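Report on the following structure.
The values are calculated or read from the model by the stated rules, or taken from the named source; none is laboratory data. These numbers come from a predicted model, not from an experiment. Heads up, the Cβs are rebuilt from the backbone with ideal geometry, glycines too, and the neighbour counts pull from every protein chain shown. SASA here: full protein model, heavy atoms, side chains in, ligands and nucleic acids out. Shrake-Rupley method; radii C 1.70, N 1.55, O 1.52, S 1.80 Å.
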Amino acid sequence: MEGRFFGGWNTISWDSNSTNNIPVKLYWDEGAGFSEERSMNLASISTGESKYSTTFHIPVGIKKLRLDPGEMEAEFRLENVKMKKTTKHYILLESLLNTVKQRGFNFRTLRTLMRKAISVYKSQGLKGLRQKIEAVQGGTTNTNIIHSYDEWLTRNGINSNSIRVAKESMESFEYKPLISVILPVYNVDEVWLRKCIDSVITQVYWNWELCISDDASTKPHISKVLIEYAESDSRIKVVFRKTNGHISENSNSAIEIANGEFIALLDHDDELTSYALYENVLLLNKSPDADVIYSDEDKISIEGERFSPFFKPDWSPDLLMSQMYICHLTVYRKTIVDQLGGFRIGYEGSQDYDLMLRVSELTNNIYHIPKILYHWRAIPNSTASDTASKDYTHVSGLKALKDAIERRGNNASVESIEDHSNIYLTRYLPVGNPKVSIIIPTKNMVSILQKCLKSIFEKTTYGNFEIIIIDNDSDDPATFDAYRYWEKMEKTRFKVFSLNIPFNYSKLNNFGVTKADGELLLLLNNDVEVISENWLTDMVGQATRPEVGAVGACLYYPDNSLQHGGVVLGLGGVAGHSHKHFPRENPGYFRRLKVVSNYTAVTAACLMIRKEVFIEVGGLEEELQVAFNDVDFCLKVWSRGYNNVWLPHVKLYHHESKSRGYEDTPEKQERFMKEIDWVKRRWTSILNNDPAYNPNLTKEREDFSLGESSNIYGNNMGINRTKTLGKVNQNIS
């Protein structure tokens with residue numbers, strides 16, 4: 001498309017008909033041609049007939065726009081493509097109205113949301129208000145997400161045939177444990193209480209009991225409804241507390257009357273899907289050692305509209321130390337909960353977070369079902385409506401997390417994250433003062449290298465490090481002048497070694513490791529520039545933890561868009577970078593860009609690891625000269641049972657590909673394809689099934705948007721993470 005375009009916020013819409021789901025990217029040309037740096041992902045062209053509309057932001061002065069529908073052949077029709085100027089104020093208003101609609105269009109809802117909007121606007125401005133709306137709606141202000149989820153549910157939701165198959169498969173279950181659904185009740189509206197209880201009664205799996213504890217409710221309909229249900233179904237048990245004790249005591253009262261081998265937690269205004277308990281028992285028949293099982297969830301409006309699906313990663317211990325991502329539906333082995341004494345008094349609002357932290361200290365048999373099994377009711381003043389609506393939940397969560405750190409004997413501190421409720425930053429402090437060997441392969445490009453070195457020496461607060469330059473056949477005199485300068489300025493912390501071979505990133509770094517004196521290794525590209533002064537301190541604190549393998553950082557392009565937020569397997573066939581090109585201030589998918597979390601792989605552009613672990617896995621694979629050697633390396637580390645970690649607060653700029661260029665020749669492209677095939681052969685199963693991602697999310701884009709539900713999913717607890725690897729390098733010592 002050519003013509004006059006309005007910079008800033010625009011809307012684009014079209015009608016389509018397609019035989020497949022087709023990812024769409026929008027490119028813009030400011031006069032220098034189209035490129036990946038000037039592009040953004042739009043939602044897919046959906047299968048069948050559909051209408052699409054979204055908002056996007058483009059710079060002032062663009063000359064051309066290009067819609068790029070996927071990279072594979074497909075038949076589709078695109079009609080009535082329209083684009084028009086809009087404003088961020090209109091976008092915010094539309095998002096606010098949509099939020100009101102989801103929570104019930106009444107005066108109470110409108111008043112509550114407007115008060116919060118005004119408060120956020122006064123304290124954080126328009127940008128802060130927009131981010132708050134993004135958080136409430138699941139990480140985006142794109143109004144099309146709601147329609148996309150509707151379409152996704154049409155393709156992937158439960159149907160009568162699914163229920164029939166589930167009932168038939170239950171007949172073959174050897175293990176049919178009693179599950180006690182724990183339901184604490186207090187003064188909930190009758191309509192939601194009935195819907196909640198009915199969602200248990202209609203479960204496909206039959207061997208359950210519903211244990212209800214009423215916390216001395218003052219509304220008369222509560223006892224009437226509970227007695228009615230208890231008399232109609234012998235599996236429903238009710239205890240009426242004489243005094244109000246709040247959520248922890250109330251939940252414990254429900255647990256006291258539970259006889260099940262497992263307990264499932266349910267809030268009094270939420271709903272289970274009809275197959276929720278069936279899916280848990282299905283997993284238990286395959287993995288009877290499971291002590292905790294959690295699922296994905298979404299929100300449900302008072303009109304029954306489902307929105308904001310939260311598709312979670314598999315068990316992620318470091319993400320749990322950042323937020324209670326497990327949430328609903330969670331099923332616990334009752335003996336473990338009893339051993340811990342149930343919910344603790346004084347942690348109300350985050351009592352489930354405190355329980356999960358304590359349970360995870362007793363077992364690692366924690367499984368994830370990547371299916372929506374729970375609907376969280378979005379009504380005014382509920383935590384589903386807005387995580388900031390109950391500030392005490394954040395305070396009690398912080399208390400629970402500090403307790404966990406103390407119990408575990410971690411050398412760590414925890415702090416709140418500004419403008420974000422119920423997520424936290426846990427900083428592990430270095431144990432001792434281990435030496436870090438920073439290994440930087442380089443060739444010429446002295447201005448890029450100088451920027452890197454200067455930022456390290458001038459900004460780094462952690463002092464015990466050495467820089468090891470592996471010079472790869474430089475021939476520019478200015479490069480050697482720079483070496484001599486730093487050797488004079490940093491006599492003990494700067495060393496240069498030469499390895500004059502055809503470029504092989506793996507060989508260069510493996511060679512550098514043989515020259516390293518440090519207990520810790522930091523693989524660093526020569527086109528990286530330090531932003532955070534405490535970057536090395538924070539990475540050392542994580543890397544010295546015995547359970548941690550590779551530690552990655554948050555890398556930005558020079559325009560402050562995200563370059564690396566962790567690596568997601570399967571994107572584009574092998575792997576891609578999480579949230580690539582997202583604006584620096586964007587919190588990401590359910591705030592993943594704000595929290596420390598586990599990824600299966602991180603980029604070697606800035607990667608720290610203990611030297612002993614590097615040697616244990618055989619270093620970098622030298623057959624992978626350029627591409628995906630870091631992915632392969634991290635998967636070797638992960639397979640040995642170590643957790644790889646990404647740190648959002650360790651920030652650097654990455655002037656990507658400036659020193660080595662792009663894959664823009666036939667020879668480079670041939671080598672690139674061979675390396676892709678090599679990685680696919682070694683890691684086929686895990687590439688299709690990234691435990692740090694979710695099979696319901698896209699593998700065509702890097703934005704955590706909805707994808708097609710995968711039938712090949714298998715819980716990653718079944719993958720042997722201590723397997724013997726194939727041939728490894730023998731050059732590391």
Å² per residue, accessible surface of the stretch 458-589 at 1.4 Å: 35
Solvent-accessible area of Arg407 with every protein chain in place, 1.4 Å probe, in Å² to the nearest 10: 100
Shape call, the stretch 245-350: gyration tensor on alpha carbons, a/c limit 1.5: rounded
Accessible surface of the stretch 231-323 [probe 1.4 Å, protein heavy atoms]: carbon and sulfur percent: 47
Heavy-atom accessible surface of the stretch 524-578: percent carbon and sulfur, 1.4 Å: 46
Set of lysines with alpha-carbon distance to Lys84 below 27 Å, sequence-local pairs under 8 removed: Lys25, Lys51, Lys63, Lys64, Lys101, Lys127, Lys132, Lys580
Sequence of Val431, Val60, Val204 when ordered by accessible area, the most exposed leading, probe 1.4 angstrom: Val60, Val431, Val204
Met673 - accessible surface, heavy atoms, 1.4 Å probe, Å² rounded to 10: 100
The stretch 562-594: trypsin sites (Lys or Arg not before Pro) in DSSP coil with no more than 16 other Cβ atoms inside 10 Å: Arg584
Sequence of Arg333, Arg306 from largest to smallest accessible area, 1.4 Å probe: Arg306, Arg333
Where the Cα pairs of the stretch 182-241 fall when distances are cut into 10 Å bins, in %: 22, 61, 16, 1
Residue-normalised accessible area of the stretch 290-407, expressed per residue, 1.4 Å probe, Å²: 28
Accessible area of the stretch 583-682 belonging to carbon and sulfur atoms, whole % at 1.4 Å probe: 49
